[in-house]
1. Restricting to the stretch 74-94, name every residue that is more than 17 Å from Val294 (Cα to Cα), aromatic (Phe, Trp, Tyr) and surrounded by fewer than 15 Cβ atoms within 10 Å (Cβ to Cβ).
2. Among the residues in the stretch 155-168, are any over 23 Å from Ile204 (Cβ atoms), free of Cβ contacts under 8 Å to residues at least 24 places away in the same chain and of a type outside the set (Gly, Ala, Ser)?
3. crowded, with 16+ Cβ neighbours inside 10 Å, aliphatic (A, V, I, L, M) and either without any contact (Cβ under 8 Å) to a residue 40 or more places away in the chain or farther than 14 Å from Ser176 by Cβ (or both): which single residue out of Val144, Val115, Val105 fits that description?
4. Just to be sure I understand, how many residues within the stretch 118-141 are buried (at least 22 other Cβ atoms within 10 Å of the Cβ) and assigned to a loop (DSSP other than H, G, I, E, B)?
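The values are calculated or read from the model by the stated rules, or taken from the named source; none is laboratory data. This is a predicted model, so every value here is computed, not measured. Here the Cβ positions follow ideal geometry from the backbone for every residue, glycine too, while neighbour counts run over all protein chains shown.
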Amino acid sequence: MILKLKKSILRSNIATLSFLLLFPGFFFYHFAIGKGLIPPFLGGYFGIVSALLLIPLLLLNYRLFLKQTELPVLCFFLILILTFVTSIYYYVTGSPRGYVTDMLVWSLSGLLFNVVAFMLAYGTNIGAIAKYGYWLIVLMFLLVIFNIGDSGIFYIKLDAGEAADSVATYQGFARSIVVTLLVSSAIFFQKGKSFYVLLLVGIIALFFNGARTEFAIFLVSMFFFYFYYSMGNIRTLMSLVVLLTILTTIAANIIELIPVSRMLQLVDIGSSSSGESRDKILSFGIELISNNPVFGDYAGYATAGGIGYYPHNIISAWLNLGVVGFSLYILMFVLLWKDIFKNFLKDRDEKTYKVFFIFLLFTTGSLIVSKDYSYLLIGLLLGFYLRYKTNLKR
């Protein structure tokens, strides 16, 4: 019993440390490189750190993969296996020509990130992450605010000089902010001023960071999260109205101050260069799928625009993994949403339910409008889901 307890504590500590290293740690590492404080001794950071964390996390969590009965998690495991087998098969057969190695690295990196994210989400001390995350979000907010460039956003890569190639883009910084913010927001929700301060500084940090997708989807996710919990509670509903009014006022003032910011393209995202490009990529991807709807066309887009020319949504799963892979993703999310609605009245106050719910909202939105099927928040989502279900059994 004592040995089991010690292992549980060790698992929690390792997972919590892993979370802090991978997400807030990524932000501070790349900020330090951009400011010339440190050299890029860990390369891009996320891949190397994930690889280093894989073995200790596997040793502590290998049973999760052996004795699993939760259907959404089983779907997730099948997706991981299908992705691995598919990527190896096409690598061995030399397809697509000219991009064989690049696609293998891309696919296996997505697998690595999702497996690590799944294990650390399952084992992490959510309360500790929320507590540390609160102050880390405040610190990230301050670093963003005091380093806004001429373009109206925090894009430290532009001012990094010779180290620019080693500094992450705004999407990488946004990932660190939003993942930490999602956990902390769920735990501090309905805790008075602390929650509203966290929400305000987090939203401002995301706005000035410049990643439009993360900013917009976080706002929409938090709105639905707040609305879901306000049903039948007039006080909470009124708080939502007041919060939206305040945020709208702040946004209007910010727009007047920084008319050159790329974030203003959110008002008419379809006319932006990014929006138009994604529409073309999606149309091309659907055309490839229509030519082979059963097996898809693994990386068939690469010859037209490189390995990043995939549809930026869940349709990418159909293109690379065929109808079976796409169906597994749809089934997994249907099961997750079914659990949310089925157990809302019973489990809504359980903190792991809140974290699982906010990640489900954000990840679903991301896969609909922006992210591909290898998006690492899928691993986080399934880890938090399994943690929630395990807590109920205890």
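1. Passing the criteria: only Phe84.
2. Within the stretch 155-168 (the criterion being over 23 Å from Ile204 (Cβ atoms), free of Cβ contacts under 8 Å to residues at least 24 places away in the same chain and of a type outside the set (Gly, Ala, Ser)), the answer is yes, since at least one residue qualifies.
3. Val115
4. Qualifying residue count, the stretch 118-141: 1.
Results for (1) crowded, with 23+ Cβ neighbours inside 10 Å; (2) among the polar types (S, T, N, Q); (3) within 12 Å of the chain's Cα centre (by Cα), shown as yes or no for each residue.
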residue: Asn320; (1), (2), (3): yes, yes, no
residue: Val323; (1), (2), (3): no, no, no
residue: Ile330; (1), (2), (3): no, no, no
residue: Val334; (1), (2), (3): no, no, no
residue: Arg348; (1), (2), (3): no, no, no
residue: Ser366; (1), (2), (3): yes, yes, yes
residue: Ser374; (1), (2), (3): no, yes, yes
residue: Leu380; (1), (2), (3): yes, no, yes
residue: Phe384; (1), (2), (3): yes, no, no
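Results for (1) at pLDDT below 90; (2) loosely packed, with under 15 Cβ neighbours inside 10 Å, shown as yes or no for each residue.
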| position | (1), (2) |
| --- | --- |
| Ile2 | yes, yes |
| Ser8 | yes, yes |
| Gly44 | no, no |
| Ala51 | no, yes |
| Lys67 | yes, yes |
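Okay, residues lined up against (1) among the charged types (D, E, K, R); (2) farther than 16 Å from Phe141 by Cα; (3) not in a helix (DSSP H, G or I):
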position	(1), (2), (3)
Ala163	no, yes, no
Gly172	no, no, no
Ser176	no, no, no
Thr180	no, no, no
Val201	no, no, no
Ile204	no, no, no
Glu214	yes, no, no
Phe223	no, yes, no
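Condition check ((1) closer than 20 Å to Ile81 by Cα; (2) at pLDDT below 95; (3) part of a helix (DSSP H, G or I)) across all residues:
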position: Gly270; (1), (2), (3): no, yes, yes
position: Tyr310; (1), (2), (3): no, yes, no
position: Trp318; (1), (2), (3): yes, no, yes
position: Phe326; (1), (2), (3): yes, no, yes
position: Phe333; (1), (2), (3): yes, no, yes
